[in-house]
Amino acid sequence: MGWRHRRIKLDWGRLSVQVAGTGSPILLLHGLGGSGRYWAGLGPLLAGTRTLIAPDLAGFGRSDKPGLDYGREFHLATIESLLAALHIEGQVAVAGHSMGGVLAALFARRHPEAVESLALVATPFPRQQLRPNRMPNAPVRVAVYRFVQRLLPALSPLVRSATFPRAVIADYLRHTVDSYQKTSRALLWDPTAAADLLALDDALRGRPQMLLYSNEDTTIAGDSLDRWRAVLPAAAVVIVPGAHQLLLRDHFATLAGWFEARVTTPGAVPSP
């Protein structure tokens, strides 16, 4: 419903972002296997009353994939630059799915004054990775990897999924091992990220918060919800069926209903 694709030029390259609707803004952050187009189904439900902003994180989807560290500071700075480039003023609602929820929470912790509300969906809690993945380093392995990376997007029409839209599959096949592993290491597998979240409750006091999870989810650690509840004790907890892809399986109805129930104030709308 009226999604517009934009390419925002930043210091490191171009950030791909989907924008739809009018009204106070909602920033939507995708997970490790997603992209901005993951949120397409939210458009018909909310674009009539809210401005939806769904970027491909740097290194993912149709965004550029520079060779850099992909650390927390880099991703947070990218989100800050995106909102500035879109001339977003005032507060923004923030929602994140899976890994994107960690980034959403870190953004809220850094900029609580700019956050209207926070929704974390099927979000793992940062922890130490027991078996770290290793990047290819031998020249032959690197060459093979780069060849396969160029080939994968061309194969996306052959992939079939009852859950994922075709566009999201294509975007998933565009990320690089470098961006994938470094981003996941910074947001999911660095236990110091948890320390950054300890004061989140105080920072967001009085702002609506939701933890949306499924009791069928085996993708993330079983204690993730409990650990987020300890950080956000005032958050509403909603449990629905649908496993890790509960948003796609219920067609975003639960998340959209929660946003519709929030009292919103007018916000700046990005120019088309």
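For segment 182-207, the residues whose backbone nitrogen is under 20 Å from a point 7 Å from the Cα of Asp64, taken along Cα to Cβ, are 182-183. At 0.36 nm per residue, and after removing the present C-alpha to C-alpha distance, how many nm does the segment from Asp223 to Thr192 gain when stretched out fully? Answer, rounded to one decimal: 9.4 nm. Label-to-label distance for Glu216 and Asp201 is 3.2 nm, based on points extended 7 Å past Cα in the beta-carbon direction. Extension gain, Ala77-Ala162: 0.36 nm per intervening residue step, less the Cα-Cα distance, totals 27.1 nm. Computed packing ranks the peptides 90-103, 235-248, 107-120, 196-209 as 90-103, 107-120, 235-248, 196-209, most packed first, by mean other Cβ atoms within 10 Å. Debye-formula intensities of segment 4-260, expressed as log10 I(q)/I(0) at q = 0.09 Å⁻¹, are -0.37 (one equal scatterer per alpha-carbon, no solvent).
If Lys and Arg each add +1 and Asp and Glu each add -1, what is the summed charge of the other residues whose beta carbon sits under 13 Å from the beta carbon of Asp171?
With Lys, Arg at +1 and Asp, Glu at -1, the neighbours total +4.
Based on Cα contacts under 8 Å between residues 6+ apart, segment 4-260 shows a relative contact order of 20 percent. Going by neighbour counts of Cβ atoms within 10 Å, the residues Trp228, Trp258 line up, fewest first, as Trp258, Trp228.
Laboratory data are not the source of any read-out in this text; all were calculated from the coordinates shown. As the structure is a computational prediction, the values presented were derived from the model and not from experiment. Cβ coordinates were reconstructed from backbone atoms using ideal geometry, including for glycine residues, and neighbour counts include every protein chain displayed.
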